[in-house]
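Below: one structure, written as structure tokens.
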Amino acid sequence: MYVAKAELAKALRDYVGRETPLYHAERLSEYYKSINNGNGPDIYLKREDLNHDGSHKMNNALAQAMIAKRMGCKSMVTATGSKQHDLATTATCAKLALECTVFMANFVLKVMDNEFLSSRK
């Protein structure tokens, strides 16, 4: 089962915010050239942080959810160790009307509880 390239490209553009730009890190490039007698790389950074969810996680989550939908699935299940992955998965499931179950490790929940409590002070 696959998702048409054009369909995925449109969804990535409209829902995720791609294509994200390449940024020439001039000062970092100059630094590496200066410590290597002028021989160093030109360094470019792919700005996935500019996606609507702030990370690259949505790229894969959206494609996986589209495939699940096309296969006739009604729900998705995922496990996460990062909040960005579960956010991307639940957001794409919501967009495509799929139910979503997220399993999280206890340490992730403790970190989230601590962040929540510290933000309430």
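As an exercise, identify the chymotrypsin sites (Phe, Trp or Tyr not before Pro) in the stretch 1-99 lying in DSSP coil whose Cβ has no more than 14 other Cβ atoms within 10 Å.
Answer by residue number: TYR2.
Neighbour counts of other C-beta atoms within 10 Å: give me ASP86, ASP14 arranged from fewest to most.
Starting with the residue having the fewest Cβ neighbours, the order is ASP14, ASP86.
Could you list, in their original order, any pairs among LYS5/LYS57; LYS33/LYS83; LYS5/LYS83; LYS10/LYS69 whose Cα atoms are separated by more than 26 Å?
LYS33/LYS83; LYS5/LYS83
Over all distinct alpha-carbon pairs, what is the Kirkwood Rh of the stretch 37-86 in angstrom?
On the way: mean 1/r = 0.0734 Å⁻¹.
For the stretch 37-86, inverting the mean 1/r across all distinct Cα pairs yields 13.6 Å.
With point charges of +1 on the Cβ of Lys and Arg and -1 on the Cβ of Asp and Glu, referenced to the Cα centre of the chain, which listed residue (HIS56, VAL16, PHE103) lies farthest in the positive direction of the dipole?
PHE103
Compute all pairwise cysteine Cβ distances in the chain, then list the cysteines with no distance under 4.7 Å to another cysteine.
Lone cysteines by the Cβ rule: CYS73.
Could you let me know the centre-to-centre spacing of the stretch 23-37 and the stretch 69-110, using Cα atoms, in angstrom?
Centre-to-centre (Cα) distance: 40 Å.
Find the Rg to Rh ratio for the chain, where Rh is the Kirkwood radius over alpha-carbon pairs and Rg uses the same atoms.
Values: Rg = 19.0 Å, Rh = 16.9 Å.
Using only Cα positions, Rg/Rh for the chain is 1.12.
Just so you know, all these numbers are worked out from the coordinates, no wet-lab data involved. As the structure is a prediction and not an experimental result, all values here were calculated from the model. Methodologically, a virtual Cβ is constructed for each residue, glycine included, from the backbone with ideal geometry; neighbour enumeration extends over all protein chains shown.
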